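Just below is one structure, and these are the notes that go with it.
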Amino acid sequence: MFCQLQQKSSRGSISNAGEDVIKPVFTEKQVLEGKDVTLICNYTEAVHNLQWYRQYPGSKPEHLILFFETNPKSEPALRLTAAADKAAKSMNLTISSTEVKDSAVYYCALQPTVTGNTTTLYKNRVRSELQDEKQDPHFKNELCNH
């Protein structure tokens with residue numbers, strides 16, 4: 001059995017002057033169950049903290065890990081390790097020994113992004129995701145069950 005990996009950035013690749021940009025490196029990955037997989041996002045400016053979120057279909061995004069450019073972090077219970085390469089301005093999330101239950105959408109973010117009531121994030125979710133894909137094919141990455 002394999003899983004297909006996709007991810008999303010919290011800001012996409014368009015920015016206003018002075019705004020940080022974060023963008024996933026891969027639009028899609030496939031991984032055999034039990035293997036490790038690494039998600040990578042690049043960003044444009046120096047940052048103080050980096051975030052990873054996960055969203056299961058029909059659910060709100062959940063915060064997975066907060067870490068800093070100079071300090072990698074592990075969450076052994078979740079089989080996650082997050083790190084950044086400050087010089088390359090890239091951040092990664094490694095999921096060890098992937099399982100079908102890891103199937104989800106993963107978001108990289110430069111600041112805490114999901115706070116308070118997130119109901120509006122799910123209104124017309126499918127249509128919104130299709131529009132995002134048409135506008136920026138590098139915007140989306142998702143881990144699926146089949």
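Among the residues of segment 84-115, those that are over 21 Å from VAL25 (Cβ atoms) and of a type outside the set (Ser, Thr, Tyr) comprise GLU99, VAL100, LYS101, PRO112, VAL114. Of everything listed in (1) in contact with a Leu (Cβ under 8 Å, 6 or more places away or on another chain); (2) at pLDDT 90 or above, the single unmet condition for GLY34 is (1). Taking the criterion of being in a loop (DSSP other than H, G, I, E, B) and surrounded by 15 or more Cβ atoms within 10 Å (Cβ to Cβ), the only residue of segment 84-95 that qualifies is LYS89. Looking at segment 24-77, the strands (runs of 3 or more DSSP E) lying wholly inside it that each contain 2 or more residues that are surrounded by 14 or more Cβ atoms within 10 Å (Cβ to Cβ) and without any contact (Cβ under 8 Å) to a residue 60 or more places away in the chain sit at 37-43, 50-55, 62-67, 73-75. Taking (1) under 23 Å from VAL31 (Cα atoms); (2) at pLDDT below 90; (3) not in a loop (DSSP other than H, G, I, E, B); (4) not acidic (Asp, Glu) in turn, THR81 satisfies each apart from (2).
The values are calculated or read from the model by the stated rules, or taken from the named source; none is laboratory data. Predicted model, so just to flag it, every value in this text is computed and none were measured. Heads up, the Cβs are rebuilt from the backbone with ideal geometry, glycines too, and the neighbour counts pull from every protein chain shown.
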